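Peer 1: To start, I am sharing the structure in question, which I have written as structure tokens.
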Amino acid sequence: MHNTLLGEVKFPKKHFQGIDSVFQPFTTTQFQHLTQRLRNEEVNRSLLQSIPFCTIKSRAVAFKAECIDRVGREEILESYSFKHFELWLNQSSGLSFEENYRVRAKIAGQLIDRSDYQVFFPIAGGKVFEGTHFVTAHRSPDLDTTVASFWGWLDAFAARVGNGLHIWNVPGGPPEQIEIDLLFNALFGPGVFTRLAKTHSALNATARDLMVQKGMLCKHPSESIIGIDHERDQSAVVVIEEKGFYVGDWHSADVEGVRDVILLLSSCLRWFENSLQLHLMGFFGQEQVRLEDASRVLEQLFNLTICQSEPGLEFTPKQQQKVLKFIVHVLDIRKGLDCTFEELCKDLSQLAKCPFADAGALVLQMKSAGVFQATGRLVEDRSKIFGYLEKTLNALHETILHIRKRLESLDIALKTKTEVFGAKNAFIQAHADIEEVRSKMGSHAFLPVMAMDGTHAYPIGVVHAASIHKPILGTISLRDFCNREEMGLPAYLEVISVIDHHRTTLMTSAPPFAIISDAQSSNTLVAKQAFIIGDRHSLLGQTLESIEAQLQEHLAHPTPVFGISTRLTQNLLQRRMIAHRKSKFFIHPEREFVEYLHLLYAIIDDTDLLSKVTVADVECVAELLNRMKSIAQGRVCEIVSLDDLPRNRVFAKKAAARILQNEDMYSLYRKVYDLRGVEITRNLELAAKGSPSNIFADTKEQNGCCRIGQTKMFVANVGSYAKFSSNIRSVWQKNAAKIAQEKPEIALHLHMISTIVDAEQVYRGTEPKYTHKDELWIWIPRNSSAEDLLKRFLSLFVGSSGLKHHPLEVELVGERAEELSRIFTEGCDAVPQKVTTSDGPTIAILRFSPGLLNSRKSMVTPFLPKSS
């Protein structure tokens, strides 16, 4: 940055030149053949490594936004967004809390002590809130709330306010304003609102917000259920195959029933093993032992059925049913309890992939072992006999042991769980809402959370049952509109941070961080908090050497104005202290400049170019300009001073005039206002045709029964408005009627048409010449409660201090014009009326001097009725 006007400062993307090297590995055949799970791991790991190291040479938030947008745009991963990267960062990266914090700092463009974020969030004492943290703009967002919520989200992400995700929400998407392209799309890439933000009209917790990987234990089907202790390990066992795809889940509640069935069959196998030992010992212990008798003795045992065995005879009817289902449906032995031990052991040995000797094989082994003579009589050689018995019985024991271990493997257990007990594997996808999670959870201790790779699912975490029954499932920060009811916030989201300049009603279970102040723009309040952090860590883009040189120069040749001189000295000394600390903390100058630029444009927009301001607003704007200029030219300076202005009731107005006539300030608002004038004309034409436009974008529902919008235009747009006003009002009325039908409680509909001065008039300080009137449209549905709301509004509004001594007139148009005239006569009889009865819906058009009602928040909203 050089000594140029602030409106001409550019942000080169030279540090994005390495982005192609980051993406090159994703184009290889080897990468394409990976599963979705492994591709996800590869991409996230690469993006983590691509974040520039913590130096003041990087602006990683824009780089990260560009990378994430490219991953989604090029379909390297399906539906990829910033939350997927943060989820991986939290749960799969293997980074410690401190390492994770440093990565966040790199992305946010500033590394500061976590306690410094207490100027925005209640995180004293190292507190980290449970669950996802949302930072949301208000409904029908304007530039003010969009900017405030964006920087609130980035600070929350950097501070790691919660242990889950950090979600930026802009309900319905960003406002259709020129500044959005200038401040967001141009600086952070075209995917900033699709990849970084949610645009949901309501905030809801999902499985992704409740999901954790801690405690999730992935096992393979061949592993044994023995040794899995859910209570000791506090683990949620998820079974996956070799590629990582989901097979099933193993709960502590599954253990007892499944193991009981396996033990029942194992008891039969143990009985068979013991019986075979006894039969062999008894056979060889006879006085006369002949080979031909061996087949008869062994076959008698091998041909016994399971139900004829001693354990089988002792099975209860319920146990018989379970073992029968296990043998038939799990082991796929169709004879069930009627199968012989020879058949059972042969099938099980094939399942366990181990050798098994049946009756015939054992007889052959006797022959080959030399235990019998050629005549068939037993040899008189104890070593041969006992050697044969030892080898045979050991082999039998190993086979039975191997079979029993195979029966205790997870694949058999899972099949037993479903086929014998009818228990189904239950899982959810990451986007499942809290109600779906609760309904599927049932009596389960946990639910696996799945991502999809084509038709295959793979686990990315688990939701524990305990987590969904907590009264608070996440936290939220509100920016610019903090009434819980009008924001539609669910009870399970706890509000922990509030910055607002509206009338607020809020109840929380614990003290939140809250700034609620009478400023015209909420970003005035945000900026003041940002200044606190800046004064602790920012060098304003300078070095210790340049600060020392400026300080020496300033002390040798102080500025003649005492106030400016004192502030410059104080500022330089403050920056010198920061530089001398040589700490690891820093604020990147481009990040700081961009933040101030955002805040300044938001304040300009919400104050209609400082035409409606408080003292706090003008002081904040002056400070923003001075800090931005210091960063831009690389030396501490002050281009706007308000010291000489008397601190009286017109101070704010005079301060605003001085600021607006500053050349740097003019360079900023001129280019936006020039573009906005063209955009307003285009949108007026679109609105008149009923096509999508932003004419009605700035509309809010308030007090549970009112809906009020505002359209701002310049004098240059008045001709276009006059041409299209009738059609535009008709479109607005139809929209209002549709809303009233969908939401009968919203019964009072208002829309302001406000004139704001253009950039050139403001800069030159010339008074605008108006030949038109501003308007307030009013429409109500046909019912008594709507009429009552309108009367209450008129009686308070028309008599307000902002309208006293100013001429008003109202035009009543439509089929119910006479009826509406009566309501106006009762509510504000002093206002002259023009009644035009005609076909079509009835609208009241209240007209007044241009610029008279320049603040919806302070001049209209206080008089809106509340629903009873």
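The values are calculated or read from the model by the stated rules, or taken from the named source; none is laboratory data. Owing to the predicted nature of the structure, the values given are computational and were not obtained by experimental measurement. All Cβ positions, glycine included, derive from the backbone under ideal geometry; neighbour counts span all protein chains shown. Quick note on the areas: whole protein, heavy atoms, side chains included, nothing else; ligands and nucleic acids left out. Shrake-Rupley method; radii C 1.70, N 1.55, O 1.52, S 1.80 Å.
Peer 1: Cβ neighbours within 10 Å, averaged per peptide: list 593-605, 662-674 in order, most packed at the top.
Peer 2: 593-605, 662-674
Peer 1: Further question: Any idea how far apart ARG334 and LYS405 come out in nm if each label point goes 7 Å out from Cα toward Cβ?
Peer 2: 3.2 nm
Peer 1: Taking all protein chains as present, what is the carbon and sulfur share of the accessible area of the chain, in % to the nearest whole number, probe 1.4 Å?
Peer 2: The computed percentage sits at 51.
Peer 1: Compute the separation of the alpha-carbon centres of segment 705-765 and segment 173-193 and state it in Å as a whole number.
Peer 2: About 23 Å separates the Cα centre of segment 705-765 from the one of segment 173-193.
Peer 1: If you count the DSSP beta bridges with both ends in the chain, what percent of them are antiparallel, to the nearest 5?
Peer 2: If I count the DSSP bridges inside the chain, around 50 percent turn out antiparallel.
Peer 1: Distance between Cα centroids, segment 792-847 to segment 205-269: provide it in whole Å.
Peer 2: So the two Cα centres are separated by 71 Å.
Peer 1: For the chain, give the magnitude of the charge dipole about the Cα centre (Cβ charges: +1 Lys/Arg, -1 Asp/Glu; no others), in debye to the nearest 20.
Peer 2: It works out to roughly 1240 debye.
Peer 1: For Cα pairs less than 8 Å apart in space and 6+ apart in sequence, what is the mean separation divided by the residue count of segment 247-348, i.e. the relative contact order in percent?
Peer 2: For segment 247-348, the relative contact order is 30 percent.
Peer 1: Take peptides 530-539, 271-280 and line them up by average Cβ neighbours within 10 Å, highest first, as a rough protection proxy.
Peer 2: Output ranking for 530-539, 271-280: 530-539, 271-280.
Peer 1: Something else: If r is the Cβ-Cβ distance from THR199 to ARG232 and R0 is 60 Å, what FRET efficiency results, to the nearest 0.05?
Peer 2: So the FRET efficiency works out to roughly 0.85.
Peer 1: Ranked highest first by average number of other Cβ atoms within 10 Å, how do 712-725, 797-810 line up?
Peer 2: Ranking the peptides 712-725, 797-810 by packing returns 712-725, 797-810.
Peer 1: Return one whole number: the accessible area per residue of the chain in Å², for a 1.4 Å probe.
Peer 2: For the chain, the per-residue accessible area is 44 Å².
Peer 1: Next up: To the nearest 10 square angstrom, how much accessible area does HIS166 have with a 1.4 angstrom probe?
Peer 2: Its heavy atoms expose roughly 10 Å² to the probe.
Peer 1: Rounded to the nearest Å, what's the spacing between the alpha carbon centres of segment 421-463 and segment 551-622? Just the number, please.
Peer 2: Taking the Cα centre of segment 551-622 as reference, the centre of segment 421-463 is 52 Å away.
Peer 1: Kindly work out what percent of the DSSP beta bridges joining two residues of segment 652-772 are antiparallel, to the nearest 5.
Peer 2: In segment 652-772, DSSP labels about 35 percent of beta bridges as antiparallel.
Peer 1: In deg cm²/dmol, rounded to 500, what helix-only [θ] at 222 nm does the chain give when every DSSP H run of at least 4 residues adds -39500 (n - 2.57) and the total is split over its residues?
Peer 2: -14500 deg cm²/dmol
Peer 1: Excluding SER252 itself, calculate the net charge of residues whose Cβ lies under 10 Å from the Cβ of SER252, where each Lys or Arg counts +1 and each Asp or Glu counts -1.
Peer 2: Here the count lands on -4.
Peer 1: Right, here's the next one. State the label only: which of (1) 102, 68, 58; (2) 100, 99, 55; (3) 132, 77, 48 corresponds to Cα extents along the principal axes in Å computed from the shown model?
Peer 2: (3)
Peer 1: Tell me whether segment 656-710 comes out rounded, prolate or oblate; compute the Cα gyration tensor, take square roots of the eigenvalues as a ≥ b ≥ c, and use a/c under 1.5 as the rounded threshold.
Peer 2: Oblate is the answer for segment 656-710, as a/c is 1.5 or above yet b/c matches or exceeds a/b.
Peer 1: Work out how much length GLU663 to ASP839 would gain on full extension: take 0.36 nm times their residue separation and subtract the Cα-Cα distance, in nm to one decimal.
Peer 2: This chain segment gains 58.1 nm when fully extended.
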